[in-house]
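Colleague: Before I ask anything, here is the structure I am working with.
The values are calculated or read from the model by the stated rules, or taken from the named source; none is laboratory data. Only a predicted model underlies this, so the values are computations on that prediction, with no experimental measurement involved. Neighbour counts are summed over all protein chains in view; Cβ atoms, including those assigned to glycine, are modelled from backbone coordinates with ideal geometry.
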Amino acid sequence: MWADVEDSPMEHEDLGYAHTTVLRDETVSLLGLRAGGVYVDATLGGGGHAEAILEASPGVMVVGVDRDPAAMAAACKRLSCFGTRFQGIAGAFADLPTLLSNAGIRKVDGIVADLGLSSAQLADANRGMSFRLDGPLDMRMDPSLEETALDLIRRLSQENLADLIYRFGEERRSRRVARCVKLALQDERLNTTRDLRRAVVRAVGPGRVGGVDPATRTFQALRIAVNGELDQLAALLERAPTVLTDTGVLAVISFHSLEDRMVKRAFQNPSVWKALTKGPITASEEEENHNPRARSAKLRAARRVSEHEENP
């Protein structure tokens, strides 16, 4: 399923980091909170899921992880009212075992990862995430990363760029897109996000398919590549069982088919996981009306199989 995530409403603008939490109650329910438990919001963002967990059970602690400094600062401010029950850790969730170990935490009772972009990231033109705002072709979630989207386009050959757009954006017209993007670069007409969108439109036309802007797939592909998003997810799915307690829960909210397939495949391993969702949980009509971004959200959760539990 595809949705134009740039149509999302915003909240908590007073904190300078706007974001609407997706599938909030459903996620908390699947975690099965227990008194005294320790939970990880592996994609802290605006802090919505962390806040929901802390409010749902007064006895729990939440560790929030994010590689975006702006998100971390805003979430820590938002969640400061919970005192020592919340701890923020800067870093990528692929490194979760190391991050937790450095914080003196050996095991946790649950992990939630919302893989979507935040409205704040889309709304900041300087981040270069959105084709609706004119900004530099950056797209880095972590500003310390060396390669921007423009750097990546410059480095790749036209053929490799086409392969990337096809693989990560599932763009069937990737050859034409890559050619037009490289021509724009050659003609020194590729400096901003709107320049990139114009190049894509020259390749595929201005028409929206299923309500999706023609540039959506290309922007997604470049953002995934710049941030190593699928590698990050693969690492989380592989390493999460090592930090979860027996019967600990991992809940993942994905927003496109590449991510959802990875999560589904991982949760099908009966020696590691027992799925808690027969299929993905999606947003209610009411939530979709309030937050169009939720249309493409898919929530899957699984419980870690205990070492003493018989496999089916």
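Colleague: Among (1) out of contact with any Ser or Thr (no Cβ under 7 Å at 6 or more places or on another chain); (2) in contact (Cβ under 8 Å) with a residue 60 or more places away in the chain; (3) of a type outside the set (D, E, K, R), where does residue 193 come up short?
Modeller: With (1) out of contact with any Ser or Thr (no Cβ under 7 Å at 6 or more places or on another chain); (2) in contact (Cβ under 8 Å) with a residue 60 or more places away in the chain; (3) of a type outside the set (D, E, K, R) applied to residue 193, the lone miss is (1).
Colleague: Could you run through region 136-161 and say how many residues are among the aliphatic types (A, V, I, L, M), under 13 Å from residue 191 (Cβ atoms) and not in a helix (DSSP H, G or I)? Steps first, answer last, please.
Modeller: We begin by selecting, within region 136-161, every residue among the aliphatic types (A, V, I, L, M); these are 137, 139, 141, 145, 149-150, 152-153, 156, 161.
When the remaining residues are screened for being under 13 Å from residue 191 (Cβ atoms), the result is 137, 149-150, 153.
From what's left, not in a helix (DSSP H, G or I): 137.
Of the residues in region 136-161, 1 are among the aliphatic types (A, V, I, L, M), under 13 Å from residue 191 (Cβ atoms) and not in a helix (DSSP H, G or I).
Colleague: Considering only residues that are without any contact (Cβ under 8 Å) to a residue 24 or more places away in the chain and either assigned to a helix (DSSP H, G or I) or not acidic (Asp, Glu) (or both), look in region 179-190 and name the one that is surrounded by the fewest Cβ atoms within 10 Å (Cβ to Cβ).
Modeller: Looking at the filtered set, the residue picked out is 186.
Colleague: Cβ-Cβ distance below 8 Å, separation of 6 or more or different chains: which pairs start in region 99-110 with a residue that is assigned by TED's automatic domain parsing to the domain that holds residue 64 and end on one that is charged (D, E, K, R) and not in a helix (DSSP H, G or I)?
Modeller: From residues that are assigned by TED's automatic domain parsing to the domain that holds residue 64, the pairs are 100/106; 109/34.
Colleague: Separate question: Return the only residue of 133, 122, 164, 117 being crowded, with 16+ Cβ neighbours inside 10 Å, part of a helix (DSSP H, G or I), out of contact with any Asp or Glu (no Cβ under 7 Å at 6 or more places or on another chain) and not aromatic (Phe, Trp, Tyr).
Modeller: 164
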